[in-house]
Amino acid sequence: MTEFPVRADTLITNARILTMDAEFTEFAEGALAITGGRITALGPVTDAARTQADEVVDAAGSLLLPGFVNTHCHAAMVLFRGLADDRPLDGFLKAVWAAEAAHVTPDTVRAGATLGLAEMALGGVTHVVDMYFHPDATIEAAGKVGVGLTSGPVFIGFDGIDHLPWPERLRFAEDFVARHRGTEGLELMLMPHSAYTLDAEKLREVAAMAGRLGLPVHIHAAEAPSEMRLVADQHGTTPARILDTCGILQPGTLLAHAVHLDDAEIALLAERGVTVAHCPLSNAKLASGMARLKALRAAGLTLSLGTDGASSGNDLDMFKTMRQTAYLAILATGEPDVLPARDIVAMATRGGAAAAGLGARKGVLAPGMDADLMLVDLAAPHLIPAYDPYSTLVYAAGREDVRDVFARGRRIVASRRLVAGISDEIAAVRAVAARIAENAVGKQAKYPIRQ
Ligand SMILES: [Zn+2]
């Protein structure tokens, strides 16, 4: 136990603290001190009596836990929220890619990502792994909202909506990494889209670049039946196997979805040390399938939770994601005890940080760790009583119960309100949404839309 300091930037008092460390250490009436963006001490509130702080937050009646780490998202895709419902992944992609081609620019990405990141911050997310075109615009949005971000250049085998032919895409990636390495609050990964949008040679080039630059890779893999068919046609094998053949499966590679895997592939992923972003809302809505969480856990893989983009999700809610994780795991196995609530909260916090390669700095409340945390107010009728805080978080609580959020010590949500002003971005999203809707209706529709 670290002794409480005499001085702190921020002192949170009287909270029920869930540290989410490996022993699930709790403090019934706890305090936590923050200085310079880091946690400097935590423990029983009586131990903090001598600490003077610039800001004291009385958290009586609230849970204090690490912020959620959303390990798979496309924040700017809030622009297409609800545009292509009621269809599987291939039909969804057809509609969304057409809308993207017409409307995605750095400006619309900046506005959309700002809304997406704001939505996540208000729901207790303090760090996001985000894959999208024009990543510089998303980085700006994260700086404004205050959420931590893992970003990176996207690799796709055709020109894509950012109009980068392959050689230029490789140059952009190298330049992007050089410009952003060491930026405060920003982590880097290389983000090849998938095995169905990249041929084997290009996958190998990305793997080589990752090795050369010392960066992990984030990629969609084994998401849906349509992907399995496409990859079989293009590569003559499965996504997991072709990614391994091309050198993509390395320690720290973060796979989004990982739904359609046989036993041998699960063993292979464990052997390679890859991690998984489970995205149960997107997987259910697009009829992609149910990930084999029990087998993935038994194999020892690091598991985390992602919302995916709001165009497939259709929101960016980690509470709902936790609950859906429980429901799908129970339905898939017929075992109500297959994944205890406590372990699901761990997937959303400690597991998320570990899966994103940030386990040494985030995901657990402990001295020296980044002060990424949230207060969940237990006062609402739907949270009373709260016998088991983990059960409350997974099965009863929602985003509306998140009271305050700190990211690297900075309060980004205060009394349920976003600290950053984003009215300009909201207006910009409304304006582009009007154009998207106009394109989508009428006889000359460029892409199908449900009325
Ligand atoms: Zn995705």
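Coordinate-derived values only; no laboratory data. Fair warning: this is a prediction, and the values are worked out from it, not measured in the lab. With ideal geometry, Cβ positions are generated from the backbone for all residues, glycine too; neighbour counts draw on all protein chains shown.
At q = 0.07, 0.11 Å⁻¹, work out log10 I(q)/I(0) for the chain with the Debye formula, treating every Cα as an identical point scatterer and leaving solvent out; two decimals please.
Log-scaled intensity ratios, in q order: -0.33, -0.83.
Does a label point 7 Å from the Cα of residue 140, set along Cα-to-beta-carbon, have any residues of segment 409-427 with amide nitrogen under 14 Å, and which are they?
424-426
Once both labels are modelled 7 Å past Cα along the beta-carbon direction, what's the residue 298-residue 21 spacing in nm?
In this crude label model, residue 298 to residue 21 measures out at 3.2 nm.
Calculate the FRET efficiency for residue 14 and residue 107 from the Cβ-Cβ distance with a Förster distance of 35 Å, rounded to the nearest 0.05.
0.20
Could you work out how much longer the chain between residue 284 and residue 200 gets when fully extended? Use 0.36 nm per residue separation minus the Cα distance between them, nm to one decimal.
27.3 nm is the gain from fully extending residue 284 to residue 200.
Hey, can you rank 2-13, 344-355 by average C-beta count inside 10 Å, highest first?
Descending packing order for the listed peptides: 344-355, 2-13.
Report, in whole Å, the centroid distance computed from the Cα atoms of segment 360-400 and segment 48-78.
9 Å
May I ask for the angle, rounded to the nearest 10°, between helix 166-180 and the longest principal axis of the chain, with both axes built from Cα atoms and the value confined to 0 to 90°?
Helix 166-180 sits at roughly 20 degrees to that axis.
Among all the aspartates and glutamates, which ones have a C-alpha under 19 Å from residue 94's C-alpha, if same-chain residues fewer than 8 places away are not counted?
Counting by Cα, and skipping residues close in sequence, residue 94 has these aspartates and glutamates nearby: 85, 86, 159, 162, 223, 227, 233, 308, 438.
Using +1 on the beta carbon of Lys and Arg, -1 on that of Asp and Glu, and nothing else charged, what's the dipole of the chain about the Cα centre, debye to 20?
With only Lys, Arg, Asp and Glu charged at Cβ, the dipole is about 440 debye.
Could you sort the peptides 252-261, 54-63, 210-219 by per-residue average Cβ neighbour count (10 Å cutoff), highest mean leading?
Per-residue Cβ counts within 10 Å, averaged per peptide and sorted highest first, yield 252-261, 210-219, 54-63.
With angles folded into 0 to 90 degrees, how steeply does helix 106-122 sit against the dominant principal axis of the chain? Use alpha carbons for both and round to 10.
Long axis of 106-122 versus the principal axis of the chain: about 40 degrees.
Could you work out how much longer the chain between residue 396 and residue 90 gets when fully extended? Use 0.36 nm per residue separation minus the Cα distance between them, nm to one decimal.
Full-extension gain reported as 106.8 nm.
Among 24, 426, 279, whose Cα lies farthest out toward the positive end of the dipole of the chain, if unit charges sit on the beta carbon of Lys, Arg (+1) and Asp, Glu (-1)?
Toward the positive end, the furthest listed residue is 426.
Treating the angle as unsigned and between 0 and 90°, give the value, to the nearest 10°, between the Cα long axis of helix 423-440 and the longest Cα principal axis of the chain.
30 degrees
Only residues of segment 355-376 count here: report those whose backbone N is under 16 Å from the spot 7 Å along Cα→Cβ of residue 29, or say none.
Correct set: none at all.
Between residue 163 and residue 431, with labels modelled 7 Å along Cα→Cβ, what's the label distance in nm to one decimal, could you check?
The two pseudo-label positions are separated by 2.0 nm.
What whole-number value in cubic angstrom gives the convex hull volume per residue for the C-alpha atoms of segment 93-199?
Measuring per residue, one finds 104 Å³ for the Cα hull of segment 93-199.
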